[in-house]
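Working notes for the structure below.
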Amino acid sequence: MTGISVCMIVKNEVELLPACLASVRPFVDEICVVDTGSTDGTPDVALAAGARVEHHAWQNDFSLARNASLAMAQNPWILVVDADERLDGASSHALRTATQDAAAFAFMVIRDDLRPKGEPDQIALVRLFRNLPQIRYARPVHEDVTDSLAAIGLSAVPKLSGVHLTHLGYLPAALTRCDKLARNLAILRQRCSEAPADLFSAYKFAVSLPESAIHERQAAFAAALALVDAQPLAELDDLPFLPRLFEAAAEFFATTGHVAAALALCIRGTELFPDALLFRQYYADLLRRVGEFAAAGRLQGSIFSNRELCAIRAESLHAFRLRSSLSALAFALDEQVSLRPAVPATTEDVAVRCAYLRWAVQQGHHHEVARALGPLLQAHFERDDIKLLAGEFAWASGDRETAWVVWGGASASSEAGYRAHTWLSLVRAVRGETYAGVGPARDVASAALDNLLVQLGEGESAPDPVFEPSALARWTERWLSELRHAGRQDLADRGAARIEKQATRVRTGSNPVQAAHCCI
């Protein structure tokens, strides 16, 4: 038997529910809806669409509500869908094919998370499984059924089903309408207090905290990583979210200026999860950001040789390809090479297209950039990478005021936005406003500019030894060249003299931090 029951929980979803039900109704045999206290007529919408509806009081626990909906199902297979999701009709054949697999108990479904900026994120979730009383949800938020699957002996990651859901929940209108982030964060905070040994909840709490809560995020990541240390090594393979925890923690440390700590996490993570390709790609990107281009290239090569593991580990092939393309372009940008990157200039992916055009600006291909920039600005001006590109093009064209305005609109929370703010520090120096450093440096470009600006301010500094010296030297020369380009030959000459004086101190050993770095 291959009948399918859709199971849902809803509350005040009268706006989103009709389209969701319309997307699943032609391809399933039953729709089971648990309403947890709607006041807007949501149950009537579900009943009108032919769904069965039951009412359960909300108890601040998603698993309780989910399991109530599973108990309603009367068919051999269950597909779990939320009101802000849509079943991709093109994957309906894959849905039926999966449920005809007599040996399977569960499948992964790919959810395409629409974002206000850039391409959709993709995440693999266990949303299609057999209707068995042993398969039930756990945890009050970010609930899933993987614990119960393991309890019945299914320790391997389920296969991909080929089914896709489109998710609207991360679009601004949806987040504003029900404040999901605040709701989930409150539940997670309570869960971590009541069950401090729950590693998954500790992970979700750390990655859900807002970027402004720096001290709380640091404590949350430390708590989650401590729980990892307490786990037997043999059990870590059964926790597929761990590579994402290590990446999120490493990025947090890197963006707060603790790059050495981020690299240490990457080294440990690649030892623990050698097949986690997205994590290894992040490690390669971080190596590039500190100027270790040779090591990044070697790691990148090893990743390409194992590309097929993406599907085995249920990781997003789209995200892997995107990161690979961006890494190749970023290498060309940071190394300032003239060899055209092996990335199609006509790619439709905005992030890759934008990075390629930044390389074209650097190489002086201004006509090509001018033709492409207008449509990108019209369609995607809110993106940080577009603002970085537009600012670099304006700067290279001599329009420093436009560059200043465009870069000022970028958010430093993204890598592109941080690079834009690094440029703003240079513009302030050109204007004579300040010679304060960029700090904390998050990549080799900002580390080089930070050191140069401190030298211009007659301060004493030594670049963080985590950044590769030859890459620092190349970027220092790049920033000196940009000062000359902006008509500040005086600053360039003074900066070059101060940098040479610093180098002399290093060579004679009078700067202990740099002298130690030279011996590494």
(request) Hey, can you tell me all the residues within region 67-112 that are within 18 Å of residue 26 (Cβ to Cβ) and among the basic types (Lys, Arg)? (result) 86, 96
(message) Looking only at residues that are of a type in the set (S, T, N, Q) and under 13 Å from residue 145 (Cβ atoms) in region 59-73, which one is surrounded by the most Cβ atoms within 10 Å (Cβ to Cβ)?
(response) 69
(request) Identify, from the list 35, 44, 101, the residue that is without any contact (Cβ under 8 Å) to a residue 40 or more places away in the chain and within 21 Å of residue 150 (Cα to Cα). (result) 101
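Applying the selection to region 460-497, what residues are modelled with pLDDT under 90 and over 30 Å from residue 267 (Cα atoms)? Steps first, answer last, please.
Let us first name the residues in region 460-497 that are modelled with pLDDT under 90, namely 460-465.
Within region 460-497, just 460 meets the criteria.
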(request) Could you tell me whether region 440-455 includes any residue that is free of Cβ contacts under 8 Å to residues at least 24 places away in the same chain and not in a helix (DSSP H, G or I)? (result) no
(message) If residue 165 satisfies all but one of (1) part of a strand (DSSP E or B); (2) hydrophobic (A, V, I, L, M, F, W, C); (3) modelled with pLDDT under 85, what's the number of the condition it fails?
(response) (3)
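Scan region 14-44 for residues that are acidic (Asp, Glu) and under 32 Å from the mean Cα position of the chain (by Cα) and jot them down. Spell out the reasoning first.
Within region 14-44, the first condition is being acidic (Asp, Glu), and the residues that meet it are 15, 29-30, 35, 40, 44.
The one that is acidic (Asp, Glu) and under 32 Å from the mean Cα position of the chain (by Cα): 15.
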(request) Report, by residue number, each residue of region 468-490 that is within 23 Å of residue 260 (Cβ to Cβ) and among the acidic types (Asp, Glu). (result) 468
(message) Just to confirm my filter: which strands (runs of 3 or more DSSP E) fall fully inside region 1-112 and include at least 2 residues that are under 12 Å from residue 128 (Cβ atoms)?
(response) 4-10, 77-80
(request) Consider residue 94 carefully, then state whether it is of a type in the set (A, V, I, L, M, F, W, C), modelled with pLDDT of 90 or more, in contact with a strand residue (DSSP E or B) (Cβ under 6 Å, 6 or more places away or on another chain) and within 10 Å of residue 161 (Cβ to Cβ). (result) yes
(request) Output yes when any residue across region 401-413 is modelled with pLDDT under 95, surrounded by fewer than 17 Cβ atoms within 10 Å (Cβ to Cβ) and either in contact with an Asp or Glu (Cβ under 8 Å, 6 or more places away or on another chain) or assigned by TED's automatic domain parsing to the domain that holds residue 289 (or both), and no when none is. (result) yes
(request) Spot the failing condition for residue 271; the list is (1) in contact with an Asp or Glu (Cβ under 9 Å, 6 or more places away or on another chain); (2) farther than 30 Å from residue 422 by Cα, and only one is missed. (result) (1)
(message) Quick test of your reading of the structure: residue 380 fulfils all but one of (1) surrounded by 23 or more Cβ atoms within 10 Å (Cβ to Cβ); (2) more than 23 Å from residue 210 (Cβ to Cβ). Name the failing condition by number.
(response) (1)
(request) Kindly list the number of the only condition in (1) assigned to a loop (DSSP other than H, G, I, E, B); (2) at pLDDT below 75 that fails for residue 321. (result) (1)
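The values are calculated or read from the model by the stated rules, or taken from the named source; none is laboratory data. Because the structure is a prediction, the values reported are computed rather than measured. Glycine also receives a Cβ, built like all others from the backbone with ideal geometry; neighbour counts cover every protein chain displayed.
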